[in-house]
Amino acid sequence: MIRPSSIVFRAGLLARQLFQSRDIVANAKQAAGSMSLIDRYLAGGRVPWSPGYSKYKNVIMREALRDSTMMARFAEGRPLPAGYGTHIDERIVECPWALATLGVGTSRVLDAGSVLNAPFLLEQPQLKGRPLVIYSLEIDHLQLDPNLSYLHGDFREPILRDEIFEAIVCISTLEHVGMWPIPKPPVAENLAKPQPQKDLTAYRGALAVFSRLLKPGGRLLLTLPFGVPEDQDWLQIFDAAKIADVKAAFGGETISETYYRHSLQGWNTSSAEECAHLRYFNIVKTPQFDADKVAAARAVVCLELRRPA
């Protein structure tokens, strides 16, 4: 897989995106800004969430999605190249894993949590042209497409009939169910307001709904932060016991179970045992980065579950 480690590569990538677009003027401005931000991010030591971080992450992810060898690694749960996604948050493995596992097709899919609702992800062959329902309490992008449907609300109380999806994708969303709302700026002021009572088992209800919405034999592609179990107020971290409870609440068959772990050598495959002692990094609660400069989760579990036929 190509990694953008030089100005030449980034310039070539942005030029390719520019001239493949119909709106060359608008995209030229965006390309110039992207190069500047990415350069600042790299020159600044690749600090998570700093200016240019998100653009750089998306460049790396796009390259992974275009690389058939990389996608095969994700689909088969094989080790990743050394240095992949260093200091980048868990989306760098979750999204490629989900799309590689979903595969290309025409069956109807539910995105529970709207993580796939990004223009460059919606253009991927695994999603483009197939019926996709995006269901979330937070939707920050609307795209006019006859194959896309948006539902704003709590998917634990769906306004959908049973057994209509062949697949449900839920990327790092279930850990927020039953917890406080994700804080928005001004964070300290909003966290000081009265918060709803937490229910650390509310995910069970969501999993029961997912099972109900899937057709017999349908698949749930689920990712969760993994490691030392913690209540982080607006999310919780899952350990082996909670993962067993997730499977029981869904009530289906486990097709695959893949663990990814972040280190100074980037993201790579791991095991539940190797990840059990890892702790989540919460930048809101701990603004000072640790030595590994992890952006958020130090490990994630990616589950492919199937409803009984």
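By a straight-distance test (C-alpha under 29 Å), which lysines pair with K198 as possible cross-link partners, with residues fewer than eight away in the same chain excluded? Straight-line reach from K198, under 29 Å: K184, K242, K247, K285. Backbone amide hydrogens, once placed in the peptide plane, bring S114 within less than 5 Å of Y135, excluding anything fewer than 5 places away on its chain. Each peptide in 101-112, 156-167 was scored by the mean count of other Cβ atoms within 10 Å over its residues; highest first, the order is 101-112, 156-167.
Under the rule a/c < 1.5 gives rounded, and otherwise a/b versus b/c splits prolate from oblate, where does the chain land using the Cα gyration tensor? Note, shape of the chain comes out rounded.
Protection proxy ranking, highest mean first, for peptides 79-86, 174-181: 174-181, 79-86, where packing is the per-residue count of other beta-carbon atoms within 10 Å, averaged.
Mean-square fluctuations from a GNM of the chain, with a 10 angstrom spring cutoff on Cα atoms, peak among N147, N282, N190 at N190.
Mean residue ellipticity, 222 nm, helices only, the chain: the sum of -39500 (n - 2.57) across DSSP H runs of n ≥ 4, divided by residue count and rounded to 500, is -10000 deg cm²/dmol. Shown in residue order for segment 181-186 are the 3J(HN,Hα) couplings computed by the Karplus curve 6.51 cos²θ - 1.76 cosθ + 1.60 at θ = phi - 60°: x, 4, x, 10, x, x Hz (x for Gly and Pro). The distance linking segment 91-140 with segment 246-293 is 21 Å (Cα centroid to Cα centroid, whole angstrom). The phi-based Karplus calculation (6.51 cos²θ - 1.76 cosθ + 1.60; θ = phi - 60°) puts the 3J(HN,Hα) values of segment 238-249 at 9, 10, 4, 5, 5, 5, 4, 5, 4, 4, 5, 5 Hz, whole numbers, x for Gly and Pro. Taking the 1.4 Å solvent-accessible surface of the chain as the whole, the part contributed by carbon and sulfur is 54%.
Of A202, A296, A188, the residue with the greatest mean-square motion in the GNM of the chain, using alpha carbon springs below 10 Å, is A188.
Using the 1.4 Å probe convention, the accessible area of the chain works out to 46 Å² per residue with neighbouring protein chains retained.
The values are calculated or read from the model by the stated rules, or taken from the named source; none is laboratory data. This structure is a prediction, so every number in the text was calculated from the model and none was measured. Note: ideal-geometry Cβ built from the backbone for every residue, glycine included; neighbour counts use all protein chains shown. Ligands, DNA and RNA are stripped out before the accessible areas are found, and what is left, the full protein with its side chains, is counted by its heavy atoms. Shrake-Rupley method; radii C 1.70, N 1.55, O 1.52, S 1.80 Å.
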